[in-house]
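Chemist: Dumping the structure here so I can ask a few things about it.
Please treat every number below as a calculation from the coordinates, not as lab data. The structure presented is a predicted model; accordingly, all values stated were derived computationally and were not measured. Glycine also receives a Cβ, built like all others from the backbone with ideal geometry; neighbour counts cover every protein chain displayed.
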Amino acid sequence: MAEKVLMKGNEALAEAAIQCGCKHYFGYPITPQTEVAAYMSKRLPKEEGGVFLQAESEVAAINMVLGATSAGVRAMTSSSSPGISLKSEGVSYIGGSDLPALIINVQRGGPGLGGIQPSQSDYWQATKALGHGDFQLFVLAPSTIQEMVDFVSLAYEVGEKYRVPAMILSDGMLGQMMEPVEFPTKKDEPVADKPWATNGHQNKRKKNIINSLYIQPEELENLIKERYERYAKIKENEQRAEEFMCDDAEIFVVAFGASSRVSRSAVMQARAEGIKAGLIRPITLWPFPDKTIEKNVDKAKKFLCVEMNMGQMVDDVKLVVNGRKEVEFFGRTGGIIPTPAEVLNEIRKIAGKEN
Amino acid sequence: MSTLNVLLAGFGGQGILFGGKTLAYSGLLDGKNLSWLPSYGPEMRGGTCNCSVVISDDPIGSPLVTAPDVLVAMNRPSLEKFVNAVVPGGMILVDSSMVDIKVERDDVKVFYIDATKIADENNMKSCAIIILVGKMFKEIGFLNKDVINDAVKKVIPAKKAAMIELNLKAIEIGLNA
Amino acid sequence: MAVVFEKPKALADVPFHYCPGCTHGIVHRLVAEVLDELGVEGQTVGVASVGCSVFSYNYFNCDMVQAAHGRAPAVATGLKRALPDNVIFTYQGDGDLAAIGMAETVHAATRGENITVIFINNAIYGMTGGQMAPTSLPGQVTQTSPYGRDVKTAGYPIRVCELLSTLSGTALAQRVTVDSVAHVREAKKAIKKGFENQINKRGYSIIEVVSTCPTNWGLSPKEAINWLRDNMLPYYPLGVYKDVTAEEGGDK
């Protein structure tokens with residue numbers, strides 16, 4: 001399919017999942033992600049012979065995903081911030097059971113019921129603690145509707161390869177906006193071998209158990225250590241980041257998702273004013289792209305993290321920079337998207353060229 | 001001008017998002033980069049509604065239009081809210097059937113079109129926004145004018161042929177307004 | 001030599017961890033016998049729930065998934081929707097099914113989710129050490145109702161079969177017990193019907209087994225059976241509360 005079509009981010013995510021062979025969607029309505037569910041309800045049962053199920057709660061929906069992915073199929077759920085909190089129990093079980101699954105968070109402002117406007121205030125939740133216990137998700141942060149499409153297959157592939165849950169951390173802006181997108185040629189049912197699936201042993205193999213309960217501490221510790229060896233491989237192999245105008249840059253803006261778009265505009269305006277600014281855009285939030293940050297630390301004068309929260313990713317940047325350079329932060333929160341002018345102003349301040 | 005920032009604003013139900021989508025598809029057909037971003041609020045009907053459309057020769061940074069080159073105002077609260085956000089040298093298109101005040105700025109071009117009244121008279125209810133979009137096309141000259149008719153056909157499903165006809169007529173009215 | 005008694009094939013050859021006098025063992029055996037008789041072990045995926053029976057994933061020889069507390073019906077839903085031709089069952093206790101998992105239970109039933117639910121009602125939280133359950137009887141002393149369940153503050157025990165029998169998606173809601181040979185036979189028939197319903201795509205079947213928990217009731221196995229008869233059965237009458245096959249004149 002070469003023709004570009006205009007699509008809302010939420011609908012593009014849904015279509016991309018279908019194109020990846022996801023035939024099992026379980027969700028619950030919440031603004032601003034509801035278009036994902038609506039699109040799936042229209043497409044999956046009638047046109048794809050799949051399953052769309054509106055669950056009784058987010059809690060149920062994520063556990064339905066756990067059941068479906070246990071059976072070996074590509075399954076997904078989507079929600080927005082408060083709903084993701086409810087899913088955290090199931091996500092922890094998915095992580096603790098070594099299951100792949102696709103979870104979409106179209107973030108809105110929090111905490112609590114918060115607001116319904118775009119936000120990035122679930123960065124910590126997604127990268128540090130989406131549920132109890134020692135575990136991680138593979139977290140991707142798209143910044144365009146095309147990336148909303150492209151990252152779905154990446155999330156499935158990486159998730160299945162390492163047997164970890166994957167999240168696409170979107171936000172209300174990317175979910176609601178339309179841009180032209182192109183879909184890659186449709187793939188057939190995923191080919192990944194899943195010998196662990198609980199789909200009935202047919203008296204041909206030993207029984208499979210999908211489980212996260214280990215009463216003996218030593219056994220549990222050994223399993224977690226094995227999981228962390230896989231995490232180490234993910235950190236080594238799956239970091240992704242984009243560098244924009246970084247070659248000769250001195251001031252490095254670090255921003256992901258929606259705020260990276262604003263930051264890109266600001267960096268271009270700063271360049272027009274003769275300020276050597278560049279943008280590092282983390283694409284994987286976990287693993288955090290520390291290699292890309294690291295290779296720019298020496299030439300950097302300062303870093304500026306721009307986020308739509310009160311400063312969450314900035315901690316990860318500081319961990320890499322490790323005191324060698326200053327790391328500043330600028331953020332808007334509560335559902336406000338920063339303007340390029342605001343970011344430009346911060347860049348000017350840092351460059352000592354405040355008007 | 002390599003980037004055009006448009007803000008369309010009015011009440012829910014006035015076709016604000018549809019008008020924006022028509023504009024966005026025109027950009028797509030014209031081979032430009034573009035983005036369309038709606039405001040989304042808890043009001044499902046009759047609340048205020050606006051839509052940012054950015055059409056550009058370059059990749060688009062922020063899709064949120066805070067300093068529009070063009071403002072299309074379909075009601076008085078929208079005009080009052082956004083009139084001072086329009087960049088100097090920009091343009092404001094006002095549906096004067098719905099707005100009983102004038103723009104008190106002399107650094108912007110302002111067009112008052114009786115869009116809702118004209119639409120009603122021509123039995124094309126809900127096409128007022130398209131009349132204004134047609135007028136915008138005429139005045140800005142940023143986009144290839146041939147594409148707008150094709151855009152309408154893209155935005156409206158083929159099975160709603162009557163709606164396509166009405167909207168094409170609305171564009172024609174706008175282009176001649 | 002004729003074999004007169006053997007372990008069901010669907011049951012693993014490992015010792016149970018259950019307490020003496022606990023009825024889980026009997027019910028496990030009945031489920032395994034039914035899987036054997038229907039010849040479906042190879043197509044079956046069981047869902048173990050949180051509670052004493054969580055380790056049932058070690059006891060049944062079919063594929064097993066362990067679910068979070070209360071979420072077994074949701075996990076079973078995901079499995080069944082992905083594997084519509086397989087046999088999916090959950091094995092849940094009263095805290096799991098009727099407290100934390102009530103929403104999942106009611107909605108799985110009302111969707112007519114084509115699964116079989118084995119519900120162990122012993123009026124107490126067993127694994128966590130004997131707290132008040134949604135099915136604990138009025139006046140029943142537990143760790144968290146030390147003066148006896150006071151219905152004025154703790155409310156009344158839930159009769160699950162009666163409640164689920166009102167839902168159109170429920171195919172079978174039957175309450176049985178395993179306190180006597182006759183009752184054990186009846187229980188097995190009900191469990192078998194619950195699995196047959198699923199194979200015949202009838203919808204949600206729940207078999208509630210009124211059970212014992214001698215350890216947390218503070219009774220000997222024999223006293224526990226008597227307590228069950230004297231106290232549980234009057235509040236939870238045995239019987240068929242809904243059976244779509246009977247309404248339709250039975251499956252031929």
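Chemist: Considering every pair of different Cα atoms, what Kirkwood radius, in Å, is found for region C:78-204?
Modeler: Final number for the Kirkwood radius of region C:78-204 is 15.7 Å.
Chemist: Could I ask something else about it? Can you give the log10 of the normalised intensity I(q)/I(0) at q = 0.20 Å⁻¹, computed with Debye over equal Cα scatterers of region A:1-98?
Modeler: -0.97
Chemist: Can you give the FRET efficiency to the nearest 0.05 for B:Asp120 and B:Thr66, using r as the Cβ-Cβ distance and R₀ = 35 Å?
Modeler: Given R0 = 35 Å and the Cβ-Cβ separation, E is 0.60.
Chemist: Can you give the mean number of other chain Cβ atoms that lie within 10 Å of the Cβ atoms in peptide A:208-220?
Modeler: Other-chain Cβ atoms within 10 Å of each residue's Cβ, averaged: 4.
Chemist: A follow-up question, please. Only counting other Cβ atoms within 10 Å, I'd like C:Leu79, A:Leu53, A:Leu213, C:Leu11 sorted with the fewest neighbours first.
Modeler: Numbers: C:Leu79 33, A:Leu53 26, A:Leu213 15, C:Leu11 20.
Lowest count first: A:Leu213, C:Leu11, A:Leu53, C:Leu79.
Chemist: Something else now. For A:335-346, what's the mean count of beta carbons from other chains sitting within 10 Å of each residue's beta carbon?
Modeler: So the per-residue partner count for this stretch is 2.
Chemist: Any aspartates and glutamates with Cα under 15 Å of the A:Lys353 Cα? List them, leaving off those in the same chain fewer than 8 positions away.
Modeler: Leaving aside aspartates and glutamates fewer than 8 places away in the same chain, those within reach of A:Lys353 are A:Glu250, A:Glu273, A:Glu342.
Chemist: May I pose another question? Rounded to whole Å, give me the distance from the Cα center of region A:62-94 to that of region C:1-62.
Modeler: Between the Cα centre of region A:62-94 and that of region C:1-62, the gap is 29 Å.
Chemist: Quote the relative contact order of chain C in percent (integer), defining contacts as alpha-carbon pairs under 8 Å separated by 6+ residues.
Modeler: Averaging sequence separation for qualifying contacts and normalising by length gives 19 percent for chain C.
Chemist: Measuring from label point to label point, each 7 Å out along Cα→Cβ, what is the B:Lys145 to A:Lys301 span in nm?
Modeler: The answer from the label model is 5.0 nm.
Chemist: So if I restrict to the alpha-carbon atoms in region C:180-252, what is the Rg, and what is Dmax, the biggest pairwise distance, in Å?
Modeler: 15.1, 46
Chemist: Determine, for A:Trp196, A:Trp286, C:Trp227, the number of other Cβ atoms within 10 Å of each Cβ, and report the residues in order from fewest to most.
Modeler: With the sparsest Cβ surroundings first, the list reads A:Trp196, C:Trp227, A:Trp286.
Chemist: Just to confirm a number: summing +1 for Lys and Arg and -1 for Asp and Glu over residues other than C:Ile88 whose beta-carbon lies under 11 angstrom from that of C:Ile88, what do you get?
Modeler: Surrounding charge for C:Ile88 is -1.
Chemist: Go ahead and set up a Gaussian network model of chain A, Cα springs under 10 Å, then flag whichever of A:Glu15, A:Glu294, A:Glu89 fluctuates most.
Modeler: Maximum among the listed residues: A:Glu294.
Chemist: So how strong a dipole does region C:163-252 carry about its Cα centre when Lys and Arg Cβ are +1 and Asp and Glu Cβ are -1, to the nearest 20 debye?
Modeler: Dipole of region C:163-252, to the nearest 20 debye: 240 debye.
Chemist: Kindly give the semi-axes, whole Å and largest first, of the ellipsoid equivalent to region B:118-177, taking each as the square root of 5 times a Cα gyration tensor eigenvalue.
Modeler: Semi-axis lengths for region B:118-177 are 18, 15, 7 Å.
Chemist: Can you pull out the trypsin sites (Lys or Arg not before Pro) in region A:81-145 whose DSSP state is coil and whose Cβ has at most 14 other Cβ atoms within 10 Å?
Modeler: Loop-located and lightly packed - A:Lys128.
Chemist: With the Cα gyration tensor of region A:48-110 in hand, convert its eigenvalues to equivalent ellipsoid semi-axes via √(5λ) and list them largest first in whole Å.
Modeler: Each semi-axis is the square root of five times an eigenvalue, giving 19, 14, 10 Å.
Chemist: Further question on the same structure: With N set to the number of residues, divide the alpha-carbon radius of gyration of region A:250-355 by 2.2 N^0.38 Å and report two decimals. Intermediate results must be reported in sequence, preceding the final value.
Modeler: Working: Rg = 12.5 Å, N = 106, 2.2 N^0.38 = 12.9 Å.
Here the answer is 0.97, to two decimals.
Chemist: If I histogram all Cα-Cα distances within region C:22-94 using bins 5 Å wide from 0, what percent of pairs lands in each bin?
Modeler: All Cα pairs, binned at 5 Å, distribute as 3, 18, 29, 25, 18, 5, 1 percent.
Chemist: Evaluate Rg over Rh across chain C, taking Cα atoms for both radii and Kirkwood's formula for Rh.
Modeler: 0.95
Chemist: Taking every pair of Cα atoms in region B:3-176, average 1/r, invert it to obtain the Kirkwood radius, and report Rg/Rh to two decimals.
Modeler: Ratio value, two decimals: 0.93.
Chemist: Kirkwood Rh, Cα Rg: Rg to Rh for region A:87-211?
Modeler: Radius of gyration over Kirkwood radius for region A:87-211 works out to 1.03.
Chemist: Another one. Provide, in order from the shortest bin, the percent of all Cα-Cα pairs of the protein assembly as shown in each 10 Å bin, continuing until the bin that contains the maximum pair distance.
Modeler: Whole-percent P(r) values from 0 Å outward: 3, 13, 20, 20, 16, 13, 9, 5, 1, 0, 0.
Chemist: Mean Kyte-Doolittle of at least 0.0 plus a Cα span of 15 Å or more along the axis: flag which DSSP H helices in chain B meet both, please.
Modeler: Working: long enough: B:16-29 (20 Å, 1.17); B:128-140 (18 Å, 1.60); B:161-176 (23 Å, 0.87).
Going by DSSP H runs, the hits are B:16-29, B:128-140, B:161-176.
Chemist: Pull up the DSSP beta bridges for the protein assembly as shown and report the antiparallel fraction as a percent, rounded to 5.
Modeler: Given both bridge residues lie in the protein assembly as shown, the antiparallel proportion sits at roughly 30 percent.
Chemist: Report the calculated FRET efficiency for B:Thr48 and C:Val181 (r = Cβ-Cβ distance, R0 = 56 Å), to the nearest 0.05.
Modeler: 0.15
Chemist: Can you give the local net charge around A:Phe135? Use residues other than it whose beta-carbon is closer than 10 angstrom to its beta-carbon, Lys and Arg +1, Asp and Glu -1.
Modeler: Net charge in that neighbourhood comes out at -1.
Chemist: Now for a separate question. Say R0 is 45 Å: what FRET efficiency, to the nearest 0.05, do B:Lys160 and A:Ala341 get from their beta-carbon distance?
Modeler: Values: r = 41 Å, r/R0 = 0.92.
It comes out at approximately 0.65.
Chemist: By how many degrees, between 0 and 90 and to the nearest 10, does the Cα long axis of helix A:34-48 differ from the longest principal axis of chain A?
Modeler: That helix lies at roughly 40 degrees to the long axis.
Chemist: A follow-up question, please. Under a plain spin-label model, where a point goes 7 Å from the Cα along Cα-to-Cβ, how far apart in nm are A:Gln216 and A:Asp248?
Modeler: 6.4
Chemist: Counting other beta carbons within 10 Å of each residue's own, what order do C:Thr245, B:Thr22 fall into, fewest first?
Modeler: C:Thr245, B:Thr22
Chemist: What is the mean number of Cβ atoms from other protein chains located within 10 Å of the Cβ atom of each residue in peptide C:39-50, rounded to a whole number?
Modeler: 4
Chemist: At 0.692 mPa s and 37 °C, plugging the Kirkwood radius over alpha-carbon pairs of chain A into Stokes-Einstein gives what diffusion coefficient in µm²/s?
Modeler: For these conditions, the coefficient is 157 µm²/s.
Chemist: Within chain C, which whole H helices from DSSP have a Cα span along their axis of at least 20 Å and a mean Kyte-Doolittle hydropathy of 0.0 or more, if any? All intermediate terms of the calculation are to be shown ahead of the outcome.
Modeler: Values: long enough: C:24-38 (21 Å, 0.57); C:181-199 (27 Å, -0.64).
The qualifying helices are C:24-38.
Chemist: To continue, here is another question. Treating the beta-carbon of each Lys and Arg as +1 and of each Asp and Glu as -1, no other charges, what is the dipole magnitude of the protein assembly as shown about its Cα centre, to the nearest 20 debye?
Modeler: About 620 debye.
Chemist: Please give me the summed charge of the neighbours of B:Asp57: other residues whose Cβ is under 11 Å from its Cβ, Lys and Arg +1, Asp and Glu -1.
Modeler: Working: positive: B:Lys32; negative: B:Asp30, B:Asp58.
With Lys, Arg at +1 and Asp, Glu at -1, the neighbours total -1.
Chemist: Within straight cross-link reach of A:Lys349, meaning Cα distance under 17 Å, which lysines are found once same-chain residues fewer than 8 apart are removed?
Modeler: Output for A:Lys349: A:Lys276, A:Lys301, A:Lys302, A:Lys325.
Chemist: Let me ask something else. So which of A:Lys42/A:Lys207; A:Lys194/A:Lys233; A:Lys42/C:Lys201; A:Lys8/A:Lys295 end up more than 28 Å apart, counting from Cα to Cα?
Modeler: A:Lys42/A:Lys207; A:Lys8/A:Lys295
Chemist: Would you report the distance distribution of C-alpha pairs in region A:236-296 as whole percents per 10 angstrom bin, up to the bin with the largest distance?
Modeler: Whole-percent P(r) values from 0 Å outward: 25, 52, 20, 3.
Chemist: Let me ask something else about it. If you put +1 on each Lys and Arg Cβ and -1 on each Asp and Glu Cβ, how big is the dipole of chain C around its Cα centre, in Debye rounded to 20?
Modeler: Working: 22 positive and 24 negative charges, 45 e Å.
In total the dipole reaches around 220 debye.
Chemist: To continue, here is another question. So for region A:76-221, taking the charge dipole from beta-carbon charges (+1 Lys/Arg, -1 Asp/Glu), which of A:Leu99, A:Leu140, A:Gln125 sits furthest toward the positive end?
Modeler: The one lying farthest along the dipole's positive direction is A:Leu99.
Chemist: Also: Nearest 500 deg cm²/dmol is fine: what mean residue ellipticity at 222 nm does the protein assembly as shown get from its DSSP H runs of n ≥ 4 alone, each adding -39,500 (n - 2.57), divided by its residue count?
Modeler: -11500 deg cm²/dmol
Chemist: Between region B:96-147 and region A:277-355, what's the alpha-carbon centroid distance in Å?
Modeler: Cα centroid to Cα centroid, the span is 42 Å.
Chemist: Here is a follow-up. Nearest-5 percent of antiparallel DSSP beta bridges in chain A? Working shown, then result.
Modeler: Details: 11 of 45 bridges.
The answer is about 25 percent antiparallel.
Chemist: Need one number: nm distance between label points at C:Leu233 and A:Trp124, each 7 Å from Cα along Cα→Cβ, rounded to one decimal.
Modeler: Going from the C:Leu233 label point to the A:Trp124 one covers 5.7 nm.
Chemist: Something else now. Can you find, among A:Ser153, C:Gly101, C:Leu167, the residue farthest towards the positive end of the dipole of the protein assembly as shown? Put +1 on the C-beta of Lys and Arg, -1 on that of Asp and Glu.
Modeler: Highest projection toward the positive end goes to C:Leu167.
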